[in-house]
Amino acid sequence: MKKQIYIKCSPKTLFSFFTNPEKMVQWIGKNVLMDPTIGGKYRIDINGQDIAIGEFKEIVPYEKVVWTWGWNDSDIMPPGSSTVEFNLIPHDGGTILELHHYNLPVEKFKSNSNGWSHYMNRLQILAEGTDPGIDPWSIKE
């Protein structure tokens, strides 16, 4: 799966939203723990039930972040079973954020595609200087 979005901010600004847990939690999840180093782990608690877990595989400051991705307690897509690559491409005074999600199981394609669209839009709002508010997906009914 591949997605792209243009964000009116520098790659340096955008990069910080992938490596700083206090910034990341403003666009995805209700709790984020991470060690943003090669081999470092992360844990994104979306809503107390859906928890993404993986590790950082590649970090190129202001250009690229690659991590493994999977869901806690999932047989279809367990932690580390897929890979997400974020490329930050300078363009026209801003950044094109390009996402590639590799090894995505067919059963998870639609939900993950919808999820990345949702979270990339929230990230765009935040990185462009506006508060996207509380993520409605972080609230379980």
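The values are calculated or read from the model by the stated rules, or taken from the named source; none is laboratory data. Since the structure is predicted, the reported quantities are computational estimates derived from the model, not experimental observations. In case anyone asks, the SASA skips ligands and DNA or RNA and just uses the protein heavy atoms, side chains included. Shrake-Rupley method; radii C 1.70, N 1.55, O 1.52, S 1.80 Å.
A few notes on this one:
- The value of relative contact order for the stretch 7-73, using C-alpha pairs under 8 Å at least six residues apart, is 24 percent.
- Kirkwood Rh, angstrom, the chain [1 / mean 1/r, Cα pairs]: 15.1 Å
- Karplus-derived 3J(HN,Hα), 6.51/-1.76/1.60, for each residue of the stretch 112-118, Hz, glycine and proline x: 6, 4, 4, x, 5, 4, 4
- Ligands, DNA and RNA excluded, the heavy atoms of Thr83 present near 40 Å² of accessible surface to a 1.4 Å solvent probe.
- Distant-in-sequence amide contacts of Lys64, defined by a placed amide H-H separation under 5 Å and a gap of 5 or more residues or a different chain, comprise Leu88.
- Only protein atoms count toward the accessible area here, which uses a 1.4 Å probe; on the chain, the carbon and sulfur part of that area reaches 51 percent.
- Over the chain: helical MRE at 222 nm, DSSP H runs n ≥ 4 each giving -39500 (n - 2.57), nearest 500: -7500 deg cm²/dmol
- Of Pro105, Pro21, Pro11, the one that fluctuates the most in a GNM where the chain has Cα springs shorter than 10 Å: Pro105
- Once you reduce the stretch 21-71 and the stretch 77-123 to the center of their Cα atoms, the two points are 12 Å from each other.
- For the chain, averaging the sequence separation of C-alpha pairs within contact (under 8 Å, six or more residues apart) and dividing by the residue count gives a relative contact order of 29 percent.
- Net length gained if the chain between Leu33 and Asn47 were fully extended (0.36 nm per residue, minus Cα distance): 3.6 nm
- Residues of the stretch 60-105: accessible area per residue with a 1.4 Å probe, Å²: 45 Å²
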